[in-house]
Amino acid sequence: MYDYRKMTPQQQKEVVEYRRRQRRPLHSPPHWDFKGQRQFIISAACYEHANVIGKSHERISQCETALLEICNEHTTAVYAWCILPNHYHILIKTDRLKEFRCEIGKFHGRSSFEWNGEDQHRGRQVWHNCFDREIRSERHFWASVNYIHHNPVRHGYVEKWQDWPWSSADEFLERVGHETAAKIWRAYPILDYGKKWDVD
């Protein structure tokens, strides 16, 4: 598995620079409103949580780029995302959920074929499931933002949100500022969020 934690600071810096070079621009920063179109958290995991995405930092970057391209085509806002070695989460705003889900399914099919070829593992099941959960309230929304950005810390990959290269955490912190982000974290704690990839 690709293990960011065991890299030297110089190697981590090189990975971050690689990831930034691969990044394609998204929409302009989203407005944090809750009117009109609906918001959804999209989650998908590799089968048996195998670290297929995390085979290399290039693969994680490719996965991130592909998912954000789908978001650019089928959503009006991407609020938060995080790509980990064996799963991902994306918080979006869209009125085209069916089309979005269809494109995610196609990506899962393409990536399974490509990665199984690279790994000489034809027939392996790469993806287990993908599901969406509609955001029900402002509290649910902000808890979801916190959960997504905290995910690499929760799984022990990094100590701080902004240190994980494949998420929107760094951009979020730049946009709202560390003081506001800290207030949001305190006001909308994740608590048991994630036990069922949901929140009450």
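None of the figures in this text is laboratory data; all of them are computed from the coordinates on show. All figures in this text were calculated on a predicted structure; none of them were measured in a lab. Using ideal geometry, Cβ is built from the backbone for each residue, glycine included, and neighbour counts are taken over all protein chains shown.
Data overview
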read-out: Which listed residue is buried (at least 17 other Cβ atoms within 10 Å of the Cβ), farther than 14 Å from I53 by Cβ and touching a strand residue (DSSP E or B) at 6+ places or on another chain (Cβ under 7 Å), from A143, A80, A181, A169; value: A80
read-out: Per-region count, region 141-176, residues among the aliphatic types (A, V, I, L, M), in contact (Cβ under 8 Å) with a residue 12 or more places away in the chain and within 19 Å of P85 (Cα to Cα); value: 3
read-out: Odd one out for C130, checked against (1) in a helix (DSSP H, G or I); (2) surrounded by 15 or more Cβ atoms within 10 Å (Cβ to Cβ); value: (1)
read-out: Where a residue in region 98-124 is without any contact (Cβ under 8 Å) to a residue 60 or more places away in the chain and its partner, wherever it lies, is β-branched (V, I, T) and surrounded by 13 or more Cβ atoms within 10 Å (Cβ to Cβ), with Cβ under 6 Å and at least six apart; value: F100/T94; E103/I70; S112/V126
read-out: Test: residue in region 107-123 that is touching a Lys or Arg at 6+ places or on another chain (Cβ under 6 Å), more than 13 Å from I41 (Cα to Cα) and either of a type outside the set (F, W, Y) or surrounded by 15 or more Cβ atoms within 10 Å (Cβ to Cβ) (or both); value: yes
read-out: Any hit, region 103-112, residues being of a type in the set (V, I, T) and in a loop (DSSP other than H, G, I, E, B); value: no
read-out: Residue under evaluation E64, criteria (1) surrounded by 21 or more Cβ atoms within 10 Å (Cβ to Cβ); (2) farther than 17 Å from W164 by Cβ; (3) not basic (K, R), criterion not met; value: (2)
